[in-house]
Amino acid sequence: MGDIKESTAVTFPSGAVAGRSRVVAALPVDGGYGVIVAETPFHPLDNSWPDQPGDTGVIRWDELELRVADCVTGAVPLADGALPPEDALPSEGARPTDRQRHADRERHTDRARHTDRERHADRAPLTDRARHVGSGRRTGSARISGRSRLAGGTLLTGDDIPVRRGDPDWAWLVVHVLERRVPEDEVVELDVEPVRREALSAGHTACHLMALALNRALADRWRKEPPRTDSLGRPDFDQLAIAASRIVPHGSVDTYRIGRSLRKRGFVAEGLAGALGDVEAAVNEQLAAWIAADATVRLDVPSPELAARRLWRCDLPEGTASLPCGGTHLRATGELSRARVRLELSDTGDELVVETRAETA
Ligand SMILES: [Zn+2]
């Protein structure tokens, strides 16, 4: 077994879909073998805010073409003692069925898990958008969770990773899930399925634009200074209310919680149901204008490691928007030909679901 000393270097933030690298480790995981290479173009499902599903594709080795059925984030402690004792980890049976969890791992290192969205939806401020852990399952991507022995320690994946994203005492790894093992130290070629990647990138770019357009459309529904504003200076409804975000090919589904604490912070929920059509129209109009502006989209990448804190930036006519983001994106808003949303408010008025659909040119 490989001795892992370093995080996987990733090239997907620049849009790469192909690469060549050395196999660092290959070990059994749920659903097959987890193959780890030194550098990869594959985007893995994130364990702490799994909004964008893992890439699929192939790994080529020794004239074999091996299907990468899924791609997930793994973590292995770099030093003895970094791994908590076995009984500190939740047992399989103790996991909530929908695997929801806190998005803001930086404030919650106690691995608290919640089976109901209400309990965490109103927490803020979020350092990144809250993610719905169950999303992978609904998009057909296998959820992998578990531990496997490595010479350098234990590889943990999914819900079993007990530390927050990017913990410096751990190596952060892209785990390609294959049906068979590939020997360590072999050099392999990695090819992401490009059509699906492009569709997910379109969905992710549209999702961020929707968030900013929604903040704008709801900006006059705050009766006092909100606790945070977005990068364009508007009350940040998106980050304050997001309960779940799920990127799908050519779109996203975002769930917002309009609870008591959001109202306490100054959001005026009264009359929202009646105004929903206007909000929807305003978001759609803004999306069309931003697509017409063909604004450049880029990711700021501080270092090549998987867990590096990357920043999505978009040079919109009213200023450069930015959001922390671990996913993949188009290169300009003009690569979308159209993006539209559909808003649905629950009967009780405390849950807003925004379905975004994006078409590419
Ligand atoms: Zn993002």
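All of the numbers you see were taken from the coordinates with simple rules; none came from a lab. Just so we're clear, the structure is a prediction, and the values are computed from it rather than from any experiment. Virtual Cβ from ideal backbone geometry, glycine too; neighbours counted across all protein chains shown.
Counting 0.36 nm for each residue step from ARG228 to ALA38 and taking away their Cα separation leaves a gain of 64.5 nm.
Loop only by DSSP, 11 or fewer other Cβ within 10 Å of the Cβ. Give me the trypsin sites (Lys or Arg not before Pro) in the stretch 207-254 that pass, ordered by residue number.
Answer by residue number: ARG223, LYS224.
For the stretch 310-346, GluC sites (Glu not before Pro) are listed when DSSP marks them as loop and at most 16 other Cβ atoms sit within 10 Å of their Cβ; the list is GLU318.
Spatially, the stretch 221-254 and the stretch 291-361 are offset by 11 Å when compared through their Cα centroids.
State whether the stretch 5-70 is rounded, prolate or oblate according to the following rule on the C-alpha gyration tensor (a ≥ b ≥ c being the square roots of its eigenvalues): a/c under 1.5 gives rounded; otherwise a/b larger than b/c gives prolate, and the remaining case gives oblate.
Note, shape of the stretch 5-70 comes out rounded.
Going by the alpha-carbon gyration tensor, a ≥ b ≥ c the square roots of its eigenvalues, is the stretch 196-360 rounded (a/c under 1.5) or, if a/c is not under 1.5, prolate (a/b greater than b/c) versus oblate? Taking the square roots of the gyration eigenvalues as a ≥ b ≥ c, the stretch 196-360 is prolate. Taken one residue at a time, the phi angles of the stretch 53-64 give Karplus couplings (6.51, -1.76, 1.60, θ = phi - 60°) of x, x, 5, 10, x, 9, 10, 9, 8, 6, 6, 9 Hz. Gly and Pro are set to x. Using the count of nearby Cβ atoms within 10 Å as a rough guide to exposure, how do LEU218, LEU78 rank from fewest to most? Starting with the residue having the fewest Cβ neighbours, the order is LEU78, LEU218. When PHE42, PHE267 are sorted by how many other C-beta atoms sit within 10 angstrom of their C-beta, beginning with the fewest, the order is PHE267, PHE42. Legend: ranking of residues TRP170, TRP312 from fewest to most surrounding C-beta atoms inside 10 Å; resulting order TRP312, TRP170.
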